Amino acid sequence: MLPLLLAAACTPSPTEEASFTATAPTTVDVLFIVDDSSSMEEEQAALRTLLTSGFGGWSGVDLHVGAATTDNATVTWVAGDCDEDCLQTWLPALEPGIAGSDLEPGLDIALAAMTPPLSDGANSGFLRAGALHAIIFVTDENDCSGLEATASTGEDCYAHQTREPTGADELTPVTDLLQAALAVDPDGRVQMSGYVGPSDPRCDTAVPGQRYSEAISRLGGVEASVCAEDYTEDLAAIQARQLAPPDRFLLPAAAIEASIEVTENGDTVPADDDDGWSYDAELHLVVLNGASAPAEGDVVVVRYAM
């Protein structure tokens, strides 16, 4: 009994409160990051075919759709009301060719596309304040962010991913990249999804994209296999997740996890990785899992100590 009393006495009482209304996004900026290395010819063709009929899966929202490559963060984009002539002009951005580097820093590229100098230069107007910024990676390699200047081949990048960090020439931590992405628009949201290499030996044409998988999981997107024969069903799942009410809520400051109390429409939500709340301390994100995922209009209140 005494240890329990001592633990309770050491747990700080909540002093801060953040309130959120779970509202599905009405403004969505979708950015495809397309791997343009030599192994991506079939995947690019599949992606282009996927959107040949337009953007119907995002109907009902104010939409921007853009594409950049793992070599170039400049975004080629159109609005969701793009007509047939406009669509046919834009679609080649999804099939940019296969002459790019096999050092694919997709996470770095996504961040570069969202931040100055590109966000207020060549990419000006694409991202809008308060929107859902929805990144979709399409790649058969793992992320090499941070090694573009020091590694010479993809094999160099993969060697760094299988050993302990030794110095400044290492991969940029995924956490650092996600923190920077979340800081881009305090009034908006960032979600990452992707067609990436799975950890499945049957997909022998792709390298497992563990760094992309981590980013997708932590920011609440959908992970699909770049080896899939048909991307249609996975795109529908990605779109459904993008257009759903949020299940992740960014606190304005770091919280002491033991102090966190969460209510949903006034009802207490338990701490539970499956059907309650969990906390990503590095990203300051409170996540409502499983049965606790909010419905449209639900009010989520988080009380915590700093």
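Quick note: the coordinates plus some simple rules give every number you see, no bench work behind them. Everything numeric in this text was worked out from a predicted model, so none of it was measured. All Cβ positions, even for glycine, are placed from backbone atoms using ideal geometry, and neighbour counts span all protein chains on display.
Some points to look at:
- Distance-filtered residues of region 77-113 - backbone nitrogen under 12 Å, label point 7 angstrom along Arg48 Cα→Cβ: 88-98
- Region 181-225: trypsin sites (Lys or Arg not before Pro) falling in loop per DSSP and having at most 11 other Cβ within 10 Å: Arg202
- Other residues within the sphere of radius under 12 Å centred on the Cβ of Thr52, judged by their own Cβ, net out at -1 (K and R +1, D and E -1).
- Span from the region 169-208 Cα centroid across to the region 213-261 one, whole angstrom: 11 Å
- Percent of Cα pairs exceeding the 36 Å cut-off, where the set is the chain: 21 percent
- Efficiency of FRET from Cβ geometry, Asp230 and Ser39, R₀ 22 Å, rounded to 0.05: 0.70
- Near Asp280: Cβ cut-off under 13 Å, other residues only, Lys/Arg at +1 and Asp/Glu at -1. The net charge is -3.
- Largest-first principal axis extents, alpha carbons of region 250-306, Å: 27, 20, 16
- Pairwise label distance in nanometres, Asp83 with Cys203, each label 7 Å out on the Cα-Cβ vector: 3.9 nm
- Most fluctuating residue given options Glu264, Glu43, Glu223, as computed from a GNM of the chain linking Cα atoms under 10 Å: Glu264
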